Structure formats: C-alpha cells, structure tokens
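The values are calculated or read from the model by the stated rules, or taken from the named source; none is laboratory data. Predicted model, so just to flag it, every value in this text is computed and none were measured. Glycine also receives a Cβ, built like all others from the backbone with ideal geometry; neighbour counts cover every protein chain displayed. These accessible areas exclude ligands, DNA and RNA; they are computed on the full protein's heavy atoms, side chains included. Shrake-Rupley method; radii C 1.70, N 1.55, O 1.52, S 1.80 Å.
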Amino acid sequence: GEDLFLRHKVEVGSFDKALLHFETIDPGGEVWINGEQAADITGREPVALDVTDFIRADTVNLIAVRVNSYAVSWEERGKHAPTDLNIGWFAGRACLDLQSATSVEDVFAYTLSHGDPAVLQTRVELNNDNEHLFCGRLEFTLTPWFPEENEETAASSVVSVELKPQTVTPVEHILEVPSPRLWTWEKPFLYKLRVCLLDGEGHKIDDEVVTTGIRTVSQDGGIFRINGKPELLRAPLFFGERPPLEDIARRQRCAPAEWIVRELLMVRKMNGNGGRMSVHHANVLGINDPRFAEYADQLGFMWIWAPPPWVRQGSVWNSDWSSLDKYVKQVRNHPSIVMWQTSNHPDFKGCFADLIPFYKLIYNTIYPLDPSRLISPAADYRRIGPIPSDDGCTDAEGGPVETDPVWTAPMITRGSMDTPTGYGRDWSVLRLWPRPRAWMGGVFQPGFLDSRERAYFNFEHEETIGMPNWDTCKGKPYYRLYSYERYSKVIGKDDMGGGKTKGGSLGRYLTLDEWKESQAWQAFSAYEAIRKMRWLDYDGFCWCCLHGGGNNATYMKPVIDYHGNAKLAFYTNRMAFQEVLAGSGNVDIVYGPNDTVPVTVLNLGEEKHVDIQITVRHPDGEKVSEHRLGPLRLPEGRQHVSAGEYKPDILEDGFYVFEYQIIQGDRT
C-alpha cells in the first residue's frame, strides 16, 4: 500500500520542445512539474510526455513522480510467485529531451548481411512540428563503442530529407560497414550509431544516438544460427525471485543492477550463453527492463525476450496487447535479444483455430517493427491443441489440413517443453525419445526436429527436482520442506492430502535426509537428457529455472539454490554444454558381459581433429580399463559423429565410472 515518491531538480537552457521520457512508471502514477500535474499515467508502457508547457527555460525546474503501489489479487497470483501480493511498482529510468521543432524521434538499426562489407538497415523517424517545409540532410556515423570506445569512423553516409510540415516522416537508409567486427556472445562488440539532422545551411538541428551490434539471427536449414554459424542456445529461465526472503517481492520485477549482472554471470559460469525471460507474478505480467538487454549486450548473452503482455497460462486474450509495439520498439536495438516470445503455456483448449488469430496478432505486430529476430508466440506446443505438421499441410492423422500462412511465416520458430526424464517418467521414455505420442500432441515432434525451415528449441526441459543441502538454510522458513513436485508418478491423494505416488523415476519417494541422492538424480538425469537431445539436434535448452526463490524458496527445480549454492545439476549442465562432448551413443545405464559401448562425439563450432581417451574406473577412482579411439574428424557446425564401439575389459559385476576425454593436439 505504499506509493513511491521521487523528486529531481534540473536547470535547462532554451528549447522549442521538451519531452520527458520514462522507461516505465509501473503500474502507473502521476507526473508533476513545478507544482502542476503534467500527466496521469495509467499503463506500464514506455512514455514520452510533451512537457513543453511545464518546463521553464533558464531556471531550476522541479520534477516529481508518484508511482502507484500495486498488489495482485490472491486469485490472480502466479503459481511460482511469492505469497507477498504487494509486488511490481517500479520507476524505470527517465530523461528530459530538449528539442527544436524539427527532431529525430526514433532510430532502429539491424543487420541485413554480416559479410564484408556488412549491411546495416536503418530506420529513422523524423518529426517536423513547424508550419513550413523542412529541407536538410541526415548524417549517419558509426564508431566503435564497446569494449573500447573511440571516434574512428567505421562507416558514414549522408542522405537528403524533405519533411512536410506537421508530419512524422519515416526514412530508411542502408549503411555499409567494411571490415565489420561482429557481435557474438563469445566476443560481444558494439558500435555507436549517431544520426544527426542538419538544416539546409549545415546547422545541426538534432541527433539521436543508439548502440547496436552487427549480427544476424537466422534458422537456415532448420538450424539456429548467429551470423550464419550454427549455435546452441543454453538459456535457463529467469524468475527474478532474489534473496533475502523479506525483499523477494520487491526485487522480483525491480532488480538491483548488481543482481542482474550476478545472474548473467551465473549462466556464463555454467557454460550457458543466454536466458529466457520468465519474470511474472500474476499469470499475465512480464517486464521490459532495458537494463537486462544492455548488460547482456556487453557481457555476451542471448535473450529470449518476453515483453509485459506476456501470458504464463490461461487465455491469451486476458492480456492487453495494445502496447506490444511500444515494448518492442523500446529494446529492439539490442543485439542480445535473439527471439521474441509472448506466452508460456497458454490454453487454447485443444482448438487450433483459436491459436491462429493469436499468432497473427503477435506476428503482424512484431515482424513489421523488427524482421531481424525469431518469433515464438507460444513456448509449449503440448498445450495449444492439435497442431498441424511443420509445413502446415497435414493433421495428426495424416490428412490434409488448411492453415494460415502465419504458421510458416518468415522468422516464426518452433519449440516446446520436452521433459523425457522429468515428472516421474520412466527411463524408457528417454531411451525411446522422441517416439510419437511420447509427448502430448507430439505426433509431429520428429518432423519439427527434422525441419529444414525452422529451428526447434526446448523452452523448458527436465522438470526434475534436487533438494538443497539443508545445512545451508537452517533457521529459514523453508528449511526441510518438501517440494510440491514428486520423483514418482502421482496416482491419487494420500492421508495427508499429498500426492500418492507409484513407480516412475527412482521407483520411490526420496526422504528429506536423502538430499544428496536427490541432487544426484537431478544432475544425472539432466546430463543424459541434454546429451541425447543434443545428438537429436535440438537448437537450444531452457532449464526451469536458474536459481531458487519460487514458491517462497521451496521450488526445487533450479540448479542453484536460493542462497547461491550450486547443486550438482549446475555442474552436469556445465559439462553437457561444452562445445565438444563425448559419451555413450545410447542412454543405457546397465551393460552385460558381451555388450559393447557405442561412442558418439558432439561438436559445436570449428572443424576439429581429436582422439578420445576412455577410462573405466571404480567409484573410488582406481583405474580398471583404458582405451583410445581416433584420430577422428569432427566437421564444423553442430555435428553428431559416431566414433565406433568399445568393449571395456570388465570382469566383475559392480558400479563403474566411464570417463571420456577429448584430446586435440596437446590439449585435453
């Protein structure tokens, strides 16, 4: 129930027009200038207020902002959100833009081609508030900005403009960049693009500066690509529920800057390279905080971006999509954003015909504003009803179907939430994955994976839980509490109102004292599932979620606990996300005396020539057997290569550790 009151004094010189920009006043509020109310804000979208009549030249101005408090209703609260309902009021950054009557309103730059020269497409909006025709020119100047800023011109161009009175005029212009330095998550490089408006006599009237990176996003050949090269997106979910518990609601949508950076570095330390935005409290509520994109641009990080109208579950029509265009325009210059995603697992009640209007709304809003990124209107194909094949031509029974062109429109991508080892599933599900109907509505899943037109991402995978080390949270309200998730299949209710379980996964329920076994199962099942899905050529993975905090810190799926301690799954994820990974060519975990082990190697990136050293050990580390395969050529790209079979020299029954080492020259 506490509103937020902010005040700031600013002295300005002369101007023709004054615009007061707010990234957000969330969920709404009031703006007062020099004792007068200048605006009543009723939505979360970015705003540019014309405050010309309120700002006084050549004197000190007092700007005051009231941000309304916000509490979600108990009925609207999100499933994984805190029970503190007072959440979400947030004052984004603000700036006062003093302009002449003719001004640069908006600049967008994206890469059409990353070759040499690279080709940047620029879109500029020019506003002429004068009552007379404006004739002048636009100067485009591109200079390096990050990691080192200098004024050495990388590219420049000039275009003449003619602006009719009282109009906003769009200008599109191509800028060629010789010897470009590309943006990648491994080596993020950013340019500063300055667009300067000059009148007919060469006087500077206004300018706009944006930072951007030269990089392309595509799915040519059905493979996720950055700058034309195959990539693997390793991007856990960001729930935003940060410690301590008494601040969990306040920090969820209003993250301290140091926490944003900390979370990005958590992912990078796990051999990850991105994140899927899933910050919500109610079932309809996301964020559009540009800081997440700015820091990711510089740290090297790729976002699946979910703007504020994002829907977690239920009907997509419960959200207000009228401001989606404003949210897209606010952050579209950031190269770290590689995909737009506007819903999680909405419910279309099995009716594909209801899905198409939503797809059309999202696509027809986003694509005209930004044709440079992938678009995924929904993240979970299991829940959006009987869907057609990837090409939209056949239904689940193989019959012809008529669908809308939006289903296969440019930049539309595919994905779901595939969990072959989660939710108490038997190991045989992973062994047979991806058999038809092993996945809800999944008769077309192999077709989606094999598509030559669209990539396929696992937007939420391996819903397996790992209890925390209870010694790290003694004295906390969530100490030694069971997760609502189970290791086994739920078949009913027990005497205490919990879920009766039977079989599945480990075959029984794990007690609170078995937290180590719990973490071991989470880590092992995650590793084997990621490894198999990599050789099935998935384009990316999104673990749910990065660190604890959900369900008032009782959510046990994260790979890092609420206090920042990594679970074993953090390390097996890191291992599975290495560029080169060797292991068994199946997911069997029991071998007989006459069995051989097929060896497979996964490669990502440049071509390599390697040997594979296989060592079998007792659990105490004692060596039992050793074998070497190779040399083996690993083609460039995202490849799965068979290295042959190996029969270990094991004579006694027991548990053994198989260790695979990739040796390239003198590097292991």
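Along the stretch 326-331 the Karplus relation, 6.51 cos²θ - 1.76 cosθ + 1.60 evaluated at θ = phi - 60°, assigns HN-Hα couplings of 5, 5, 5, 5, 5, 10 Hz to successive residues, with x for each Gly and Pro. Backbone geometry of the stretch 216-231 corresponds, through the Karplus equation with coefficients 6.51, -1.76 and 1.60 at θ = phi - 60°, to 3J(HN,Hα) couplings of 10, 10, 8, 9, 4, x, x, 10, 5, 9, 10, 6, x, 9, x, 9 Hz, x marking Gly and Pro. Close amide H partners of residue 286, meaning residues 5 or more places away or on another chain with modelled amide H under 5 Å apart, are 310. If you take the beta carbon distance between residue 132 and residue 247 as r and set R0 to 60 Å, what does 1/(1 + (r/R0)^6) give as a FRET efficiency, to the nearest 0.05? Approximately 0.60, to the nearest 0.05.
Which value, in debye to the nearest 20, describes the size of the charge dipole of the stretch 70-157 about its Cα centre when Lys and Arg Cβ atoms bear +1, Asp and Glu Cβ atoms bear -1, and nothing else is charged?
Details: 5 positive and 15 negative charges, 72 e Å.
Charge dipole, the stretch 70-157, about its Cα centre: 340 debye, nearest 20.
Residue 397 exposes around 150 Å² of accessible area when a 1.4 Å probe is run over every protein chain in place.
Look at the dipole of the chain built from charges on Cβ: of 61, 306, 459, the Cα furthest out on the positive end belongs to 459. Ordering 169, 88, 182 by Cα displacement along the dipole of the stretch 82-204 toward the positive end leaves 182 in first place; charges were set at the Cβ atoms of Lys, Arg (+1) and Asp, Glu (-1).
Suppose a student asked you for the relative contact order of the stretch 577-668, using Cα pairs under 8 Å spaced at least 6 residues apart; what percent would you report? Each step should come with its number before you reach the end.
Values: 187 pairs, mean separation 32.3, N = 92.
It comes to 35 percent, rounded to a whole number.
Axis of helix 515-535 versus longest Cα principal axis of the chain: the two differ by about 80°, to the nearest ten degrees.
The heavy atoms of residue 326 offer some 90 square angstrom of accessible surface to a 1.4 angstrom probe.
Over every pair of different alpha-carbon atoms in the stretch 504-618, take the mean of 1/r and invert it; report that Kirkwood radius in Å. Before the final figure, lay out the partial values.
Working: mean 1/r = 0.0612 Å⁻¹.
With all distinct Cα pairs of the stretch 504-618 included, I get 16.3 Å.
The residues of the chain expose on average 43 square angstrom of accessible surface per residue, using a 1.4 Å probe on protein heavy atoms. Semi-axis lengths, largest first, of the ellipsoid equivalent to the stretch 142-225 are 30, 18, 11 Å, with √(5λ) applied to each eigenvalue of the Cα gyration tensor. Treating r as the C-beta distance of residue 360 and residue 60 and R0 as 45 Å, the FRET efficiency rounds to 0.35. Stretched out straight at 0.36 nm per residue, the stretch from residue 591 to residue 83 would grow longer than its current Cα-Cα span by 178.1 nm.
Subtract the Cα-Cα distance of residue 121 and residue 194 from 0.36 nm times their separation in residues, and report this length gain in nm to one decimal. Mind dumping the intermediate values first?
Numbers: separation 73, 0.36 × 73 = 26.28 nm, distance 1.39 nm.
Separation in residues times 0.36 nm, less the Cα-Cα distance, equals 24.9 nm.
Note on the chain: helix-only mean residue ellipticity at 222 nm, from DSSP H runs of 4+ residues weighted -39500 (n - 2.57) and normalised by residue number, equals -4500 deg cm²/dmol. Here the label points at residue 509 and residue 166, each 7 Å from Cα along the C-beta direction, are separated by 7.4 nm in the simple model. Legend: residues 120, 432, sorted from most to least accessible area (1.4 Å probe; ligands, DNA and RNA excluded), read 432, 120. Normalised by the number of residues in the stretch 124-262, the mean separation of alpha-carbon contacts (under 8 Å, six or more apart) gives a relative contact order of 20 percent.
On the protein heavy atoms, probe 1.4 angstrom, tell me the percent of accessible surface of the chain carried by carbon and sulfur. Result for the chain: 49 percent of the exposed heavy-atom area is carbon or sulfur. Projected label points at residue 97 and residue 152, each 7 Å from Cα along the beta carbon direction, are separated by 3.1 nanometres.
Dimensions of the chain along the principal axes, based on C-alpha atoms and rounded to the nearest Å, stand at 91, 59, 53, largest first. For the stretch 538-598, the Kirkwood hydrodynamic radius comes to 14.2 Å, computed from all pairs of different C-alpha atoms. A cut-off of 5 Å between modelled amide H atoms, ignoring neighbours fewer than 5 places along the same chain, links residue 234 with 273, 274, 541.
Quotient of the Cα radius of gyration of the stretch 215-373 and 2.2 N^0.38 Å, N being its number of residues: 1.06. Relative contact order of the chain: 10 percent, from C-alpha pairs under 8 Å at least 6 residues apart in sequence. Cα convex hull, the stretch 249-339: 100 Å³ per residue, rounded to a whole number.
Just so you know, the Rg over Rh for the stretch 363-473 is 1.07, from Cα atoms, with Rh as the Kirkwood radius. With both labels modelled 7 Å from their Cα along Cα-to-Cβ, the residue 397 to residue 187 distance reads 5.6 nm. For the stretch 572-586, putting each phi into the Karplus relation 6.51 cos²θ - 1.76 cosθ + 1.60 with θ = phi - 60° gives couplings of 6, 4, 4, 5, 5, 9, 4, 4, 10, 9, 10, x, 5, x, 9 Hz, in residue order, rounded to whole numbers and with x for Gly and Pro. To the nearest 10 Å², what's residue 58's accessible area with a 1.4 Å probe? Its accessible surface works out to 120 Å², give or take rounding. Placing +1 on each Lys and Arg Cβ and -1 on each Asp and Glu Cβ, with no other charges, gives the chain a dipole about its Cα centre of roughly 1960 debye. Taking amide H atoms as placed 1.01 Å from N in the peptide plane, the amide H of residue 646 lies under 5 Å from those of 597, 599, each 5 or more residues away in sequence or on another chain. Taking every Cα-Cα distance in the stretch 51-145 and sorting them into 5 Å bins from zero, the calculated P(r) comes out as 2, 7, 11, 11, 11, 11, 11, 12, 11, 9, 3, 1 percent.
Computed extension gain for residue 14 through residue 657, at 0.36 nm per residue and net of the alpha carbon distance, reaches 224.0 nm. Dipole of the chain computed with +1 at Lys/Arg Cβ and -1 at Asp/Glu Cβ about the Cα centre; of 538, 401, 34, farthest Cα towards the positive end is 538.
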